[in-house]
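The values are calculated or read from the model by the stated rules, or taken from the named source; none is laboratory data. Please read all numbers here as calculations on a predicted model, not as lab measurements. Cβ placement follows ideal geometry from the backbone for every residue including glycine, while neighbour counts extend to all protein chains displayed.
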Amino acid sequence: MMWNPDVILVNEDGVDNYIRTKDQWKTLSAVRNDRVYLMPNGISRWGHPTSIETPLAILWTAKTLYPDYFEDLDVKEAARGFYRDFFEYEISDELLEQVMIGKGMRNIK
């Protein structure tokens, strides 16, 4: 809280909403400027230190925080290629969209 971050990245579903709605966080620059972001969640949480998807997390972060510098970067297509190349898995558009929003991935059966 003392750091007053301009941006907050979270990798657990619900933490973003918690930060946005609780009074103790409302004075932070990131909250005031609506710069609290839930990271994608695929095979693992993209922002987790041991995530196999760390390369995707870096691309997503760059595109999210600096969209003008990364206009040509399509994170969804990068993720699609990643899953295909590393896991031989053709991810559906629906599942890819769910990965990108970061919600509900732990509930898929």
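Reported count of residues in the stretch 91-109, each being surrounded by fewer than 12 Cβ atoms within 10 Å (Cβ to Cβ) and either under 19 Å from VAL36 (Cβ atoms) or in contact with a helix residue (DSSP H, G or I) (Cβ under 6 Å, 6 or more places away or on another chain) (or both), is 1. Checked against the criterion of being part of a loop (DSSP other than H, G, I, E, B) and out of contact with any strand residue (DSSP E or B) (no Cβ under 6 Å at 6 or more places or on another chain), the stretch 52-60 contains one or more residues that satisfy it.
PRO49 fulfils the conditions (1) free of Cβ contacts under 8 Å to residues at least 12 places away in the same chain; (2) not in a loop (DSSP other than H, G, I, E, B) except for a single criterion, (2).
Results for (1) assigned by TED's automatic domain parsing to the domain that holds LYS103; (2) under 16 Å from GLY102 (Cβ atoms); (3) in contact with a helix residue (DSSP H, G or I) (Cβ under 8 Å, 6 or more places away or on another chain); (4) surrounded by 13 or more Cβ atoms within 10 Å (Cβ to Cβ), shown as yes or no for each residue.
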position: MET2; (1), (2), (3), (4): no, no, no, no
position: GLY14; (1), (2), (3), (4): no, yes, no, no
position: SER44; (1), (2), (3), (4): yes, yes, no, yes
position: PRO67; (1), (2), (3), (4): yes, no, no, no
position: LEU73; (1), (2), (3), (4): yes, no, yes, yes
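Looking across the stretch 13-45, the residues that are of a type in the set (D, E, K, R) and closer than 25 Å to GLU90 by Cα come down to ASP13, ARG45.
Within the span defined as the stretch 17-36, one or more residues are within 19 Å of VAL99 (Cβ to Cβ) and outside any strand (DSSP E or B).
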